[in-house]
1. Using all C-alpha to C-alpha distances in region 39-194, build P(r) with 10 Å bins and read off the rounded percent in each one.
2. Starting from the Cα-Cα distance between L237 and T122, subtract it from 0.36 nm times their residue separation and give me the gain in nm to one decimal.
3. Considering only Y24, Y253, Y104, give the residue with the highest GNM mean-square fluctuation for the chain, with springs between Cα atoms whenever their separation is below 10 Å.
4. Quantify, in whole percent, the carbon and sulfur part of the accessible surface of the chain (1.4 Å probe; protein heavy atoms only).
5. In square angstrom, what is the accessible area per residue of region 46-171 with a 1.4 angstrom probe?
6. Could you give the length gained on full extension between D45 and R6, defined as 0.36 nm per residue of separation minus the Cα-Cα distance, in nm?
7. Rank V38, V262 by accessible area, highest first, at a 1.4 Å probe radius?
8. Sort M190, M102, M266 by heavy-atom solvent-accessible area, probe 1.4 angstrom, most to least.
Amino acid sequence: MALLERIIAIILPVFIIVAAGYAYARLRGETARADMGVLNRLSSDLFCPLLVFTALSGRDFSLADNGTLILAGFLISLGSGLLAWPVARMLGYDARSFVPPMMYNNCGNMGLPLALLAFGPTGLPAMIALFMACNLVFFSVGIKILESGRHGGKGSPLSFLASPMMISIIAGIAFSLARLSVAAPLFNAMKMIGDASIPMMLFALGIRMLDVNLASWKIGLTGAAFCPLAGLAVAFLLEFVLPLTERQRGLMYLFAALPPAVFCFMMAEQYRQEPDRVAAIVLLGNLASLLFVPLGLWMGMRVG
């Protein structure tokens, strides 16, 4: 009962903020989308990159200590994609629509605040390490899958490194490895701005849920269940292979249980890759996280 109460205390604030965003969008309609446009751009170009940089370059983060966790995140993301490929072929889905969302979970909008609530301040940089691994897999392998079978429009395979998020990851790792530090007043200001991204991302997630529909509910239900189940299956195997601490095991299972990221819907729109189907996967996946996130927390927090 104590573990159940702890899990409820962890997930409830997250879903309250998401529900508040959805309620705001329902009340304001199209105005809500316009209001969030600038904030979404600030979040992706400034707030979230600063959150990542300050977490990776801060004194609490050690790349060496989180190396095993980064490897776990990389293997879970890649393994989920590998498992999703034959499922897509078997069910007649376009792999470009089904596989990328299985590889890129909601470790930003949902994973970061959940890690903070579940594991305290030290959980945030560790989840960002997992977030980094997930980004590397998606923006390399995932984008290649989206581009497969298309003619023209292919950018440099390293173009993803120029995004604000990847720049912040690279800079944060460089500062961590070189043991460089930012002047305290500047670092604190950057951290305050970065911390604002956590409730903002959850609120934006609620607003974005108004944009999708359930027309493609079959692939939506399949993806909603497959993404966390594949991640948890890979995590369960890794538990017996990787030397993880108790906290790292908990974070690994939380990461594995997260639903597909809203960003997958945005990328599907950009590539014109059945965005309605990807939207259904994202929407139903985030609704299903009410079931799978507690499962992941239980698997990670259970006594071995």
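1. All Cα pairs considered, the percentages come to 11, 36, 33, 15, 4, 0.
2. Details: separation 115, 0.36 × 115 = 41.40 nm, distance 2.48 nm.
Using 0.36 nm per residue and subtracting the Cα-Cα distance, I get 38.9 nm.
3. Highest fluctuation of the listed residues: Y24.
4. Numbers: 9290 of 13750 Å².
Exposed carbon and sulfur together represent 68 percent of the surface.
5. Details: 4770 Å² over 126 residues.
Solvent-accessible surface per residue comes out at 38 Å².
6. Working: separation 39, 0.36 × 39 = 14.04 nm, distance 3.38 nm.
Length gained between D45 and R6: 10.7 nm.
7. Working: V38 100, V262 10 Å².
Accessible-area ranking of V38, V262, largest first: V38, V262.
8. Details: M190 35, M102 5, M266 75 Å².
Largest to smallest exposure gives the sequence M266, M190, M102.
The values are calculated or read from the model by the stated rules, or taken from the named source; none is laboratory data. Note that this is a predicted model, so its numbers are computed, not measured. So basically every Cβ, Gly included, is an ideal-geometry build from the backbone, and we count neighbours across all protein chains shown. Note: accessible area is taken over every heavy atom of the protein model, side chains too, but ligands, DNA and RNA are not part of it. Shrake-Rupley method; radii C 1.70, N 1.55, O 1.52, S 1.80 Å.
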